[in-house]
Each structure stands twice: as structure tokens, then as C-alpha cells.
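Step one of this worksheet: look at the structure below.
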Amino acid sequence: MSQHLSEQEIIRREKLTQLRTHGIDPYPAPLYPVSHFSASIKAGFSEATQEDYKNVCVAGRIMSINDKGKVFFVKIQDREGLIQLYVRKDDICPGEDKSLFDHVVKQLDLGDIIGVTGFVFVTKTGETSVHAQTLTLLTKSLKPLPVVKRDDQGNVYDAVTDPEFRYRQRYADLIINPDVKHTFLQRTRMINTIRQFLNEQGALEVDTPVLQSIPGGAAARPFITHHNTLDIPLYLRIANELYLKRLIVGGFDWVYEFSRNFRNEGMDRTHNPEFTILEWYTAYKDYYWMMETTEQLFEKIAVELHGTTDLQVGDKTISFKAPFKRISIFEAIQENTGIDISQMDEEGLRAVCKQLHIDVPGNIGKGKLIDEIFGATSEHTFIQPTFIIDYPVEMSPLTKKHRSKAGLVERFELMVNGKEIANAYTELNDPIDQLERFEEQTRLMERGDDEAMFIDYDFLRALEYGMPPTSGIGIGIDRLCMLMTNQASIQDVLLFPQMRPEKGFSENPAEETK
């Protein structure tokens, strides 16, 4: 941590020394028996219930102090919000010794964590408060909180918005910006809703390896590490798909995992190199069933979080009411460009890219070219939930060929607000076909495509034992959370997003002395 202290930080350290000099531990160890919380007190206290609030114990971080001499009005923030404390010198120190008040209460700073016991009452101004009878300093804050503006009720109306501060110091961001904490509470509610939905239908939650010998299940550049004991390279997983399908082979009919994945790619408002994907695989189902189930899930999430299927996302109203629109990827491109690329070879697709001023690398194949055209011309146009279906086989090396449309596979991507939220297949379970698809990926890798898939021979061996007809899906939890909480950036739904090293700051104090 940085050793360059501000004047306020120096003063706080001097107060810390004084506390210890007077025999007061600024970081006491014993359990503090909190019995009540702010919002619950405000909601439950009334003239009829005041007997239930004669003895309460609350604790929290000091967010404001109003010094009236022998009386302090202090607002603390706990897990539910803010509540006012009425701290009077004669109550805290009923005898002749007033040292606690002088050495602790008068030296309190914003950010300190305190606990009080006392009774609840309503002040002359009508504010439900706790009349303190004892006060304990639980943690001395050595760093001042950033200043925010609050109204008379303590609600923030001028928050700290600097993303450089907010993302690097999320701990402080959560303290001073209540809406940020609400976003992450909503994220947890969303995940719990998904888990409940799947569990109620008999799905089994599982864990699969994060360190993998082959980075399979997606087209992406992996992070590489090394295992010293085995003396082999290992990869942080880019997807958990192939392991979950191994479990389908093993006899589980429906498995799912909230998977922390890692892809060595760029960062922007919808990409972070470390992210969360929900994947599930269900035996004896296909992508038509998966579309209907996905609609049901998204409806449920929206209603659970907001009480409605119509959500405000930026300046748009997005409806998660089923059914969602369905359109093939070729139809989507033709709608937006007027060009039918469905019968084109690689040379023709490159000509279209040139015509549309889409810059593409020379080492990618037909599938990636179609993906580039769709991304540049069409993806952003789908604001309402839309299933983009029936992709060409070159784009989908793990997907079963379409039952009635030659050259296509049974795949969909769900687009919402111009971004992919989910990707699903009727899974390829023919091991011979799968090997051929992997071999084509190897040829792309030889051409220089660093996102092409490796051949996973163990997965092929699993398929040779026989995998039942299966449908699978991957849902981007971070992007879904952005939608459900009306956030414009993925960094706003990740507690600790990846960032460049901070200039002039070392996390290792020893580094600063070199």
C-alpha cells in the first residue's frame, strides 16, 4: 500500500495513537452482539411496538456527525441502510468519569465503525433514532471516505462517478454509493432465481475443472500457465462445455454450472477477461425446447427482480414476455445489408467484407467471416430479445447438423439490446463427425487462427461410448445482469473488474523502498 499520507490520514493516525495511550483498543476482538438493523427498525417501530425496541444493539459505519457539544447526532450505515444515533455525554458516561466521551466520541471520524446499545425513539423532527446508552469503537478508519452529497434523509444525490476510483477501490465505492450495493444484491437475487428455476426442474449443479490440459468448448484465446509437479502446460478454462457433456455421457440427464471462465482477449464495456457463464446440458432435448425454456427463464428473472417483464434499459423499454422473435442468421444479414450470403464461399464472403468496409484478418475461415459480417452489420440492430437461428456448419464445430437444412446446424444465439446473451445448440453427438470438425479447426489453427479449437481426444472417446440426444446452452451472467440492473458497462456488474496496474501505486510496500 502507498505510504504517502495526506494531512487527514496523519491526523487519524495520531488519534489512533492517542486511543491506545488511553487504554482504548481501536480494533477490539470480541463478538459484538448486533440485534437490529436500520431499515427493520424504521419499518417496525411505532407507538404500539415501542416495548419491543427498549433494548437494541446496532452497529455500522459513521456517515455523518453533528456535534452539539454534550450531544452528538451520528448517522451510521449498516447492511440495510442508515439510522440516526442520539449520543449524549451523560448517558454514555453516567458517572463522574467522562473520559470515554472525550477520548472516543469527540474523536470520532467519518468512516469509523461503532456499536451502540440503547432504545428506539422518535426525535422532535420525526426521525426514528436510537438513543445510545453505551458506545463501543469497533474499528478506527485511517483513510477518509470520498465526499458525497446527501439529502436530509441521508440519501446520496451527488455520488462519486469516477470509474477509475470506483472500479479500483470497489470497497469504498460500495460504502459511499448505495445504488452500487443494490446492483450486486440484485445480481445475487438473479443467480438465486436461476438456480431455483433449474433445481425445481430436476437439474443437478456440478463443478468442473478450471485448469485444463486442453482449452476446449469455445473459440477463444486461452491463458496459459504451468504445473510444476507434472511439468506440463495448463490452460485456464475458456468454457466448461466438454466436461458437462462428459457427465451427460455418464448418465446425468440435466447438469449445470455457474462457470468462471477466462479468455485472453480485449476489454471493453461488454468484455472482461474473467467472466461468469451459466451452462446447462439436458439429455433427450433439442434447440427448439431450449428456446422455449430460455424464454421461461428470462421471464421469471425479470418478474422476480422487477415485478414485470418490461424493463427500462438505458433509453429503451425491453420486453422479456415470451415468445421471442426467431430469425436465421442469413435472413438477419440480408435484412440489414440487402445481400444474400447463404451460398457464398470464402472468396465471395471476403468480397462482401471489402464491399461493406469490414476489415478482416487473412487467416480466418468461412465461419469467422460470416460472424464478422453479422457482428458488423446486424447484431446491434436486435434490441428486443431475438433468437438468431440456423447457423452455417463452419461456425459451429460442436453443433449437430440441421435435420432438414443442408449446410446448417441447429444453433441459436439470443440477442438482446444489440448483444449476444446466450448461445445454444442441439449438441453434436456423432464422434466421427465431431473428429472431422475438430480436424477442420486444426487446419484453421495452422493458418494462424489463434482462437481455433484444439482436438480433445478424451472428449471424442467419451462420445464413442454414446451421448444421448442433448441440448445445451451458455448464458452470459454478467451481460444478463447488465440488462436486469440497467447498467451500461460490464465493469458495473463485476465487483472487481480487471484493470491496468495503477500508476504510482504499489500493492507491495517493499517495492516503494527500492
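Under the rule a/c < 1.5 gives rounded, and otherwise a/b versus b/c splits prolate from oblate, where does the stretch 323-432 land using the Cα gyration tensor?
oblate
Which distance in nm do the two modelled labels at VAL34 and LEU185 give, with both placed 7 Å along the Cα-to-Cβ direction?
Modelled inter-label distance: 1.3 nm.
Find, among the trypsin sites (Lys or Arg not before Pro) in the stretch 15-67, those assigned to loop by DSSP (not H, G, I, E, B) with at most 15 other beta-carbon atoms within 10 angstrom.
LYS54
Could you work out the pair-distance distribution P(r) of the chain from its alpha-carbon pairs, with 20 angstrom bin width and percents rounded to whole numbers?
Distribution as computed: 18, 42, 27, 12, 1 percent.
For the stretch 372-466, just say rounded, prolate or oblate: build the C-alpha gyration tensor, square-root its eigenvalues into a ≥ b ≥ c, call rounded for a/c under 1.5, and beyond that prolate if a/b exceeds b/c, oblate if not.
Because a/c hits 1.5 or more and a/b exceeds b/c, the stretch 372-466 counts as prolate.
Need one word for the stretch 412-468: rounded, prolate or oblate. Basis is the Cα gyration tensor (sqrt eigenvalues a ≥ b ≥ c); a/c below 1.5 gives rounded, then a/b vs b/c decides.
Because a/c hits 1.5 or more and a/b fails to exceed b/c, the stretch 412-468 counts as oblate.
Out of the total accessible area of the stretch 163-245 (probe 1.4 Å, heavy atoms of protein only), what percent is carbon and sulfur?
Here it works out to 55 percent.
Multiplying the sequence separation of ARG260 and GLU7 by 0.36 nm and subtracting their Cα-Cα distance, what value in nm do you get?
Once the chain is fully extended between ARG260 and GLU7, it gains 86.9 nm.
Taking GluC sites (Glu not before Pro) as candidate sites, keep only those in a DSSP loop with at most 15 other Cβ atoms within 10 Å, then name the longest stretch of the chain containing none of them.
Within the chain, the longest run free of exposed GluC sites (Glu not before Pro) spans 266-501.
Could you work out Rg/(2.2 N^0.38 Å) for the stretch 26-172, with Rg from alpha carbons only? Don't jump to the answer; show the numbers that get you there.
Details: Rg = 15.7 Å, N = 147, 2.2 N^0.38 = 14.7 Å.
Scaled against compact globular proteins, the figure is 1.07.
Give the lysines whose C-alpha is closer than 27 Å to that of LYS400, dropping any in the same chain fewer than 8 places away, or say none.
Partners within reach: LYS245, LYS285, LYS325, LYS366, LYS368, LYS419.
Simple spin-label model, 7 Å along Cα-to-Cβ: VAL360 to THR308 in nm?
About 4.2 nm separates the two model spin labels.
Can you tell me the accessible area per residue over the chain, all protein chains present, probe 1.4 angstrom, in square angstrom?
Counting only protein heavy atoms, the per-residue value for the chain is 50 Å².
From a point 7 Å beyond the Cα of GLN343 in the direction of its Cβ, which residues of the stretch 369-398 have a backbone N at a distance under 13 Å?
Within reach of a label on GLN343: no residues.
Taking chymotrypsin sites (Phe, Trp or Tyr not before Pro) that fall in a DSSP loop and have at most 14 other Cβ atoms within 10 Å as cut points, what is the longest piece of the chain between them?
1-283
Farthest toward the dipole's positive end in the chain, which of PHE382, MET395, PHE165, given Cβ charges of +1 (Lys, Arg) and -1 (Asp, Glu) about the Cα centre?
PHE165
Of GLY69, PRO30, TYR53, whose Cα points farthest to the positive end of the dipole of the stretch 27-72 (charges on the beta-carbon: +1 Lys, Arg; -1 Asp, Glu; origin at the Cα centre)?
GLY69
If I model a spin label as a point 7 Å beyond the Cα along the Cα-Cβ vector, how far apart are those points for GLN498 and ASP430 in nm?
Rounded to a tenth, the inter-label distance reads 3.7 nm.
Treating the angle as unsigned and between 0 and 90°, give the value, to the nearest 10°, between the Cα long axis of helix 7-21 and the longest Cα principal axis of the chain.
With both axes taken from Cα atoms, the answer is about 60 degrees.
Probe radius 1.4 Å, ligands and nucleic acids ignored: give me the carbon and sulfur share of the accessible area of the stretch 403-501 as a rounded percent. Don't skip to the answer; put the middle values down first.
Details: 2150 of 4190 Å².
Using a 1.4 Å probe with all protein chains present, the stretch 403-501 comes out at 51 percent carbon and sulfur.
For the stretch 226-243 and the stretch 278-338, write down the distance between their C-alpha centroids in whole Å.
The stretch 226-243 and the stretch 278-338 have Cα centres spaced 33 Å from each other.
Which percent of Cα-Cα pairs in the stretch 444-487 sits in each 10 Å bin, short to long?
P(r) for the stretch 444-487, in whole percents per bin: 19, 22, 31, 23, 4.
Show THR225, THR183 ordered by accessible area, largest first, where the area counts protein heavy atoms only and the probe is 1.4 Å.
THR225, THR183
Quote the relative contact order of the stretch 230-356 in percent (integer), defining contacts as alpha-carbon pairs under 8 Å separated by 6+ residues.
Averaging sequence separation for qualifying contacts and normalising by length gives 14 percent for the stretch 230-356.
Take the solvent-accessible surface of the protein heavy atoms, probe 1.4 Å, and return the percent of it on the stretch 253-390 that carbon and sulfur atoms account for.
Here it works out to 46 percent.
The values are calculated or read from the model by the stated rules, or taken from the named source; none is laboratory data. These figures come from a predicted structure and were not determined experimentally. Using ideal geometry, Cβ is built from the backbone for each residue, glycine included, and neighbour counts are taken over all protein chains shown. To get the accessible areas, we keep the full protein, side chains included, count just its heavy atoms, and leave off ligands, DNA and RNA. Shrake-Rupley method; radii C 1.70, N 1.55, O 1.52, S 1.80 Å.
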